[in-house]
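The values are calculated or read from the model by the stated rules, or taken from the named source; none is laboratory data. A quick note: this is a predicted structure, and the numbers were derived from the prediction, not measured. Every residue, glycine among them, receives a Cβ derived from its backbone with ideal geometry; neighbour counts consider all protein chains shown.
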Amino acid sequence: MPLDQYKRKRDFSKTPEPAGDPKAAGTGRFVVQRHRATRLHYDFRLEIDGVLASWAIPKGPTLDPGVRRMAVHVEDHPIEYFDFEGVIPKGQYGAGDVIVWDWGRFVPEAPTLDPRAAIEDGELKFELHGEKLHGRFTIVRTSRRPGSAPTAAFEDESEQWLLIKKRDDVAVTGWDAEGHPQSVKTG
Ligand code: MN
């Protein structure tokens, strides 16, 4: 089941995070959550077939096409995580505060493409229509090896990917996620 790993890591009697409704379904939204855990990172999630395919990006997404951002593929999250903001208690997996940093729609570059199959094949090209993130991106798998020092916070995860902004008319050289820290949900 897609959410088994997500559920195994969490005690839903202690964390305010959603437990996941297996009946939920949908495709086409994206969300980025800024998560101040032991190590600050941004969780990038694509809604595909009723769950959120997820990557942890230590430095966050960027609009700068000259910069590649390392992304660690993590377990699918339940669809109810889409607008989750809150504090994951000390001692729970991912303890720290979470805000909705950006959200909107994602559109696979090829309209007939199955995004889940593309992720399994290790490369997905898409367009984002968010409040902060816009334009064309590629996310591509570079390694299946266990995380090394830069990804120590995610050492149980095994796939390293890169999120890359493609050159287009909404690309911005030098754009950095930390320069745009507000929640798009609560300000
Ligand atoms: Mn996280």
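Taking the conditions exactly as written (buried (at least 16 other Cβ atoms within 10 Å of the Cβ), free of Cβ contacts under 8 Å to residues at least 40 places away in the same chain, not charged (D, E, K, R) and not in a helix (DSSP H, G or I)), does T112 satisfy them or not?
So T112 does not fit the description; no.
Go through the stretch 32-72 and report how many residues are under 15 Å from P115 (Cβ atoms) and not in a loop (DSSP other than H, G, I, E, B).
Qualifying residue count, the stretch 32-72: 10.
Looking at the stretch 1-13, can you tell me whether even one residue there is within 16 Å of the ligand (Cβ to nearest atom), surrounded by fewer than 17 Cβ atoms within 10 Å (Cβ to Cβ) and not in a helix (DSSP H, G or I)?
yes
Just one of (1) closer than 16 Å to L133 by Cβ; (2) away from the ligand (no atom under 15 Å from the Cβ) trips up E80, so point out which.
Answer for E80: the failing condition is (1).
A quick yes/no check of all residues on (1) more than 16 Å from the ligand (Cβ to nearest atom); (2) on the phi > 0 side of the Ramachandran plot; (3) modelled with pLDDT of 95 or more; (4) not in a strand (DSSP E or B):
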{"position": "P16", "(1), (2), (3), (4)": "no, no, no, yes"}
{"position": "F30", "(1), (2), (3), (4)": "no, no, yes, no"}
{"position": "V74", "(1), (2), (3), (4)": "no, no, no, no"}
{"position": "V107", "(1), (2), (3), (4)": "yes, no, no, no"}
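Out of L63, L52, L46, report the one residue that is under 30 Å from D169 (Cβ atoms), crowded, with 19+ Cβ neighbours inside 10 Å and over 10 Å from the mean Cα position of the chain (by Cα).
Just one listed residue meets the conditions, L63.
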